[in-house]
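**Q** I'd like to ask some things about the structure below.
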């Protein structure tokens, strides 16, 4: 009995068909992305004809800035330059949606921060994922609103302390200086407020003796405030403080607090010479 012949399978195997379909779909998607997102031949021919490479990127960037047109940015065939262009236009027109299509996270967050500041939208600070730009956003709002909350939200310690420093000086609130975590910055904070308010007790909150003396010297000089000089620990600094105060106040009696013969003589000379000069000119 003759064997029945097997029928030959017709057509291509299913997996080959699937592969071809997948390739075609990828090509179509690539073309769509290229035409709709990256390439805009009209922008190239209109604004930057006969240009290539870096010159073309620069030209399109400037054209997009001048026209404030995000579509021109999309003609830039370089992801980094395109992101910079989008961020620049986004900032110019204050459009958050433009920021959202930027690929690079750092550039995107820079865009969000700039728009947040221009539109006074603090909520956009929380949209940023890059710490440096989130800190920048909080810093800018802290110096606009003078609110503690914005300083607290800054992640980098030194930047946060500087924020508290500025806030304290702006409000003449030495208690805010206590929030500064580094001693030398905290001492500078106390010094600035002490000078602004002419308050000796603010200087005396400083722990480091040399910084304390520097604060009292500055207070004694700028007031001028001879009483501040009396709290200085280092005698040479104290006497120099008295000399400056006596000269500015034209008061030789201040020199009596100096127990160094040489510096006392210098003090009397400067205090009396100032008096004599004023008497002559008067």
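**Q** Determine if segment 39-56 includes at least one residue that is surrounded by fewer than 17 Cβ atoms within 10 Å (Cβ to Cβ), modelled with pLDDT of 65 or more and closer than 25 Å to residue 134 by Cα.
**A** no
**Q** Let me ask something additional. Do we find a residue being within 30 Å of residue 219 (Cβ to Cβ) and either under 17 Å from the mean Cα position of the chain (by Cα) or not in a loop (DSSP other than H, G, I, E, B) (or both) anywhere in segment 113-131?
**A** Filtering segment 113-131 down to residues within 30 Å of residue 219 (Cβ to Cβ) leaves none.
No, segment 113-131 contains no residue that is within 30 Å of residue 219 (Cβ to Cβ) and either under 17 Å from the mean Cα position of the chain (by Cα) or not in a loop (DSSP other than H, G, I, E, B) (or both).
**Q** Right, next: Within the bounds of segment 81-95, is there any residue that is touching a helix residue (DSSP H, G or I) at 6+ places or on another chain (Cβ under 9 Å) and over 25 Å from residue 48 (Cβ atoms)?
**A** yes
**Q** What are the residues in segment 172-185 that are farther than 14 Å from residue 150 by Cβ and assigned to a helix (DSSP H, G or I), if any?
**A** 174, 175, 177, 183, 184, 185
**Q** Please tell me if residue 66 is surrounded by fewer than 17 Cβ atoms within 10 Å (Cβ to Cβ) and within 24 Å of residue 140 (Cα to Cα).
**A** On the way: surrounded by fewer than 17 Cβ atoms within 10 Å (Cβ to Cβ): yes; within 24 Å of residue 140 (Cα to Cα): no.
No: the conditions fail for residue 66.
**Q** For residue 232, work out the one condition from (1) more than 30 Å from residue 159 (Cβ to Cβ); (2) in a helix (DSSP H, G or I); (3) modelled with pLDDT of 95 or more it doesn't fulfil.
**A** Just one mismatch for residue 232, condition (2).
**Q** Among 156, 171, which is within 13 Å of the chain's Cα centre (by Cα), free of Cβ contacts under 8 Å to residues at least 40 places away in the same chain and either surrounded by fewer than 15 Cβ atoms within 10 Å (Cβ to Cβ) or under 17 Å from residue 126 (Cα atoms) (or both)?
**A** 156
**Q** Oh, and also: Residue under question is residue 188, and the condition is that it be closer than 24 Å to residue 147 by Cβ, in a helix (DSSP H, G or I) and not assigned by TED's automatic domain parsing to the domain that holds residue 241; does it hold?
**A** Considered against the rule, which asks whether it is closer than 24 Å to residue 147 by Cβ, in a helix (DSSP H, G or I) and not assigned by TED's automatic domain parsing to the domain that holds residue 241, residue 188 comes out as yes.
The values are calculated or read from the model by the stated rules, or taken from the named source; none is laboratory data. Here the structure is a predicted model, which means the values were calculated and not measured. Neighbour counts run over all protein chains shown; Cβ positions are idealised from the backbone, glycine included.
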